[in-house]
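The values are calculated or read from the model by the stated rules, or taken from the named source; none is laboratory data. Remember, it's a predicted structure, so these values are computed and weren't measured experimentally. A quick note on method: Cβ atoms are made from the backbone with ideal geometry, for glycine too, and the neighbour counts reach across all protein chains shown.
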């Protein structure tokens, strides 16, 4: 059995409010599906965030349905789970992934998580619901994005997987949407390897989504990253998917396939040497003339990301960023110019805010500092910050009061248990 594994497609994302970027995310999905068809893949696995948001526009649904129909017509089943971007809010009850499953475009896998127990019903072809399905000798199980509660549910999920009858399978895939500690700074709700360890006894391939960075661990955990560049902070990360073969004996062969994406070019301009705005612009024009020769070699219309660095010798309001952008645009056929001032210092300031840091991480940093200043929470500031952020996320998703309170109680009990262990 041969399958593709990718994630974080983000159909519908109109980056920089550009129609071209909206189409770029669609074409990235199209390339992945076409690769599967051309290579006669047996199944395509999408580990969350097929859509950029839960409420999608009609054209986004058409894009998804058209590509999924190509796979279906080629006899390739598509199996998906929900991510944090495209899962249904409590208000909506069902998501657009449910709709695609109802229309027969994909298998949307979800377990039943209730009263601290995990149930894994097999796929019901009539109801178009279920938590797992078997293809040849391979079992595919889906677990959606659960945010800060993921670690709490993993023991129950692990037990449920282990208790399933094997039938004719000898290889199990768990598809889920979660971050992993150590891969992206202080990421909220990230799982530690120790928390994942119980899954090793029954899962042969842990297929992840969520982090847009490609990484692997221990020949067992695989995260393909996103298909397109979602943020300028991702430019050093490769984009693509996994092409995996599992033989009849349950042995796997994993290959990472890089995917083409819109060209992003990074330039750095040092501002410190110029006392006057006119001098800065003159020097900048000279640099642009040199850069443009490379920009014009791009296979497509590139996005240029310009980092202004150093300390300005004049007032910030005298820096004409519109003129800086205009000079770049007039030098070559560019799709877009991003002026990034995160490394720029104004006179008298000794720090810069990194605008590429995710908002969630900035929020957690502030909450962590608040917790450290309160004797009631100072022993576990990271954990309390995560509790607050997770409660906020559940409220935004319109989860029921009972569900929020139940989850909050579980998290508080876990932290209190940590405090008792220290005592």
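Need the failing condition index for residue 379 against (1) at pLDDT below 80; (2) more than 30 Å from residue 313 (Cα to Cα); (3) not in a helix (DSSP H, G or I), just the number.
(1)
Would you confirm whether any residue within the range 343-356 is over 30 Å from residue 286 (Cβ atoms), at pLDDT below 85 and surrounded by 17 or more Cβ atoms within 10 Å (Cβ to Cβ)?
no
Within the range 299-345, which residues are closer than 19 Å to residue 231 by Cα and over 31 Å from the mean Cα position of the chain (by Cα)?
Matches in the range 299-345: none.
Can you say whether residue 394 is surrounded by fewer than 17 Cβ atoms within 10 Å (Cβ to Cβ), at pLDDT 80 or above, farther than 30 Å from residue 235 by Cβ and touching a helix residue (DSSP H, G or I) at 6+ places or on another chain (Cβ under 6 Å), as far as the supplied structure shows?
For residue 394, the condition - surrounded by fewer than 17 Cβ atoms within 10 Å (Cβ to Cβ), at pLDDT 80 or above, farther than 30 Å from residue 235 by Cβ and touching a helix residue (DSSP H, G or I) at 6+ places or on another chain (Cβ under 6 Å) - is not met.
Working only within the range 275-298, note down all residues that are surrounded by 16 or more Cβ atoms within 10 Å (Cβ to Cβ) and closer than 23 Å to residue 231 by Cβ.
291, 295, 298
Quick grid of which residues meet (1) surrounded by fewer than 20 Cβ atoms within 10 Å (Cβ to Cβ); (2) touching a residue at least 12 places away in the same chain (Cβ under 8 Å); (3) in contact with a helix residue (DSSP H, G or I) (Cβ under 7 Å, 6 or more places away or on another chain):
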site: 206; (1), (2), (3): no, yes, yes
site: 211; (1), (2), (3): no, yes, no
site: 238; (1), (2), (3): yes, yes, no
site: 243; (1), (2), (3): yes, yes, no
site: 254; (1), (2), (3): yes, yes, no
site: 258; (1), (2), (3): yes, yes, no
site: 267; (1), (2), (3): yes, yes, yes
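The rows are residues; the columns are (1) more than 20 Å from residue 51 (Cα to Cα); (2) without any contact (Cβ under 8 Å) to a residue 24 or more places away in the chain; (3) surrounded by fewer than 16 Cβ atoms within 10 Å (Cβ to Cβ).
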position: 103; (1), (2), (3): no, no, yes
position: 109; (1), (2), (3): no, no, no
position: 129; (1), (2), (3): no, no, no
position: 145; (1), (2), (3): no, no, no
position: 151; (1), (2), (3): yes, no, no
position: 168; (1), (2), (3): yes, no, yes
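State whether the residues of the range 211-229 include one that is modelled with pLDDT under 90 and over 13 Å from the mean Cα position of the chain (by Cα).
no
Is there a residue in the range 219-236 that is surrounded by fewer than 20 Cβ atoms within 10 Å (Cβ to Cβ), assigned to a helix (DSSP H, G or I) and not assigned by TED's automatic domain parsing to the domain that holds residue 138?
no
Looking only at the range 178-204, which residues are in contact (Cβ under 8 Å) with a residue 40 or more places away in the chain, touching a strand residue (DSSP E or B) at 6+ places or on another chain (Cβ under 7 Å) and not in a helix (DSSP H, G or I)?
180, 183, 191, 202, 203, 204
Quick one: in the range 160-171, which of the residues that are touching a strand residue (DSSP E or B) at 6+ places or on another chain (Cβ under 9 Å) and outside any helix (DSSP H, G or I) is nearest to residue 205 (Cα to Cα)?
Of everything passing the filter in the range 160-171, 171 is nearest to residue 205 (Cα to Cα).
Confirm whether residue 273 is modelled with pLDDT of 95 or more, within 30 Å of residue 311 (Cβ to Cβ) and in the same structural domain as residue 293 (by TED's automatic domain parsing). Even if it seems obvious, please write down each step before you answer.
Values: modelled with pLDDT of 95 or more: no; within 30 Å of residue 311 (Cβ to Cβ): yes; in the same structural domain as residue 293 (by TED's automatic domain parsing): yes.
Answer is no for this residue.
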